[in-house]
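See below for the structure under consideration.
The values are calculated or read from the model by the stated rules, or taken from the named source; none is laboratory data. Owing to the predicted nature of the structure, the values given are computational and were not obtained by experimental measurement. Positions of Cβ are generated from backbone atoms using ideal geometry, with glycine treated the same way; all protein chains shown enter the neighbour counts. Just the protein is used for accessible areas: all its heavy atoms, side chains included, with ligands, DNA and RNA removed. Shrake-Rupley method; radii C 1.70, N 1.55, O 1.52, S 1.80 Å.
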Amino acid sequence: AELMHGQIVRFETLLNDLLEISRYDAGAVRAELEIHDLNQVVGMAIASIDPLAKNRGSQIEVDAPKGEVLAEFDARRIERLLRNLLANAIEHGESKPIQVAVAANDLAVAVSVTDNGVGMSETQLARVFDRFWRADPARKRTSGGTGLGLAISFEDTLLHGGMLDVWAKPNQGASFRLTLPKVQGA
């Protein structure tokens, strides 16, 4: 019964991801833009992923400015994006600490998620946002990824007029940085 439940949950996740990608393909996605505190959204994403981090022996370290980091974005989509980056860092971070950093300037806000795990080669980096692609399909996954998380994250970033950058080296970890304009259209 537990095995069947796990497979049903995995199927539901895959179905939801496929529906989200199809909405992007159809041009049917609209962001619900409001002014939000990025620090708060980062905190919510970390709180929701913390049980997985503890289960995998990963510690999440946060470096964020004091006070609010305000910007105009769809909090639900950005929280989902951050949860995905955090889950990937936990999955590939080999139980080493994960660093999350938040920053802002006059025009933009940014958050980075860095692990110190298996990293990626240049070839893998070139495909990291491709649909259904996985850096190492033979690698045992414990969080049940569908291969669509980073593709959806990239689409969410574009929807906000932002950038999602990645740096990595084999056996030296990976770092993803989400940058969003403080005001949409700026």
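Among Gly149, His160, Ala103, pick out the residue whose Cα is farthest towards the positive end of the charge dipole of the range 41-186, where Lys and Arg carry +1 and Asp and Glu carry -1 on C-beta, about the Cα centre.
The residue sitting most towards the positive pole is Gly149.
Can you give me the accessible area per residue for the chain, using a 1.4 Å probe, in Å²?
Numbers: 10150 Å² over 186 residues.
Accessible surface, normalised per residue, equals 55 Å².
In deg cm²/dmol and to the nearest 500, what is the mean residue ellipticity at 222 nm of the chain if only DSSP H runs of at least 4 residues count, each as -39500 (n - 2.57), divided by the residue total?
Working: 5 runs with 78 residues, N = 186.
One gets -14000 deg cm²/dmol as the mean residue ellipticity at 222 nm.
Stretched out fully, how many nm does the piece from Ile35 to Ser22 gain, at 0.36 nm a residue minus the Cα gap? Mind dumping the intermediate values first?
Working: separation 13, 0.36 × 13 = 4.68 nm, distance 2.74 nm.
This chain segment gains 1.9 nm when fully extended.
Using modelled backbone amide H atoms (1.01 Å from N, in-plane), which distant-in-sequence or interchain residues come within less than 5 Å of Val183's amide H?
Excluding prolines and chain starts, which carry no amide H, the hits are Glu72.
If ligands, DNA and RNA are left out, what is the accessible area of Thr123 with a 1.4 Å probe, given in Å² to the nearest 10?
Rounded to the nearest 10, the figure is 100 Å².
Treat each spin label as a single point 7 Å out from the Cα along the C-beta direction, and report the Asp63 to Asp165 distance in nm.
1.5
Can you give the charge dipole size of the chain about its Cα centre, rounded to the nearest 20 debye, using +1 on the beta carbon of Lys and Arg and -1 on the beta carbon of Asp and Glu?
On the way: 20 positive and 25 negative charges, 107 e Å.
Here the chain has a charge dipole of around 520 debye.
In debye to the nearest 20, how big a dipole does the range 1-52 give about its Cα centre with +1 on each Lys and Arg Cβ and -1 on each Asp and Glu Cβ?
Values: 3 positive and 9 negative charges, 26 e Å.
The calculation lands at about 120 debye.
Hey, which aspartates and glutamates would be in cross-link range of Lys54, C-alpha to C-alpha under 14 Å, not counting anything within fewer than 8 residues on its own chain?
Output for Lys54: Glu91, Glu94.
Sort Glu20, Glu61 by heavy-atom solvent-accessible area, probe 1.4 angstrom, most to least.
Details: Glu20 10, Glu61 70 Å².
Final ranking, largest accessible area leading: Glu61, Glu20.
Could you work out what % of the accessible surface of the range 1-50 is carbon and sulfur, using a 1.4 angstrom probe and leaving DNA, RNA and ligands out of the count?
Values: 2060 of 3460 Å².
After summing per-atom areas, the C and S share lands at 59 percent.
Please work out the FRET efficiency for the pair Ser121 and Leu52, using the Cβ-Cβ distance as r and a Förster radius of 22 Å; give the result to the nearest 0.05.
Numbers: r = 26 Å, r/R0 = 1.16.
Efficiency for this residue pair is about 0.30.
Tell me which of Ile78, Asn16, His5 sits at the most positive position along the dipole axis of the chain, charges placed on C-beta atoms (Lys, Arg +1; Asp, Glu -1).
His5
From the phi angles alone, apply the Karplus equation (6.51, -1.76, 1.60; θ = phi - 60°) to the range 66-81 and give each ³J(HN,Hα) in whole Hz, x where the residue is Gly or Pro.
5, x, 7, 10, 8, 7, 9, 7, 8, 4, 5, 5, 6, 5, 4, 4
To the nearest 20 debye, what charge dipole does the range 23-94 have about its Cα centre, counting +1 at the Cβ of each Lys and Arg and -1 at the Cβ of each Asp and Glu? Show your work: numbers first, answer last.
Working: 9 positive and 13 negative charges, 52 e Å.
Roughly 240 debye for the range 23-94.
Enter the accessible area of Glu12 (Å², nearest 10), with the probe set to 1.4 Å and all protein chains included.
The value for Glu12 is about 100 Å².
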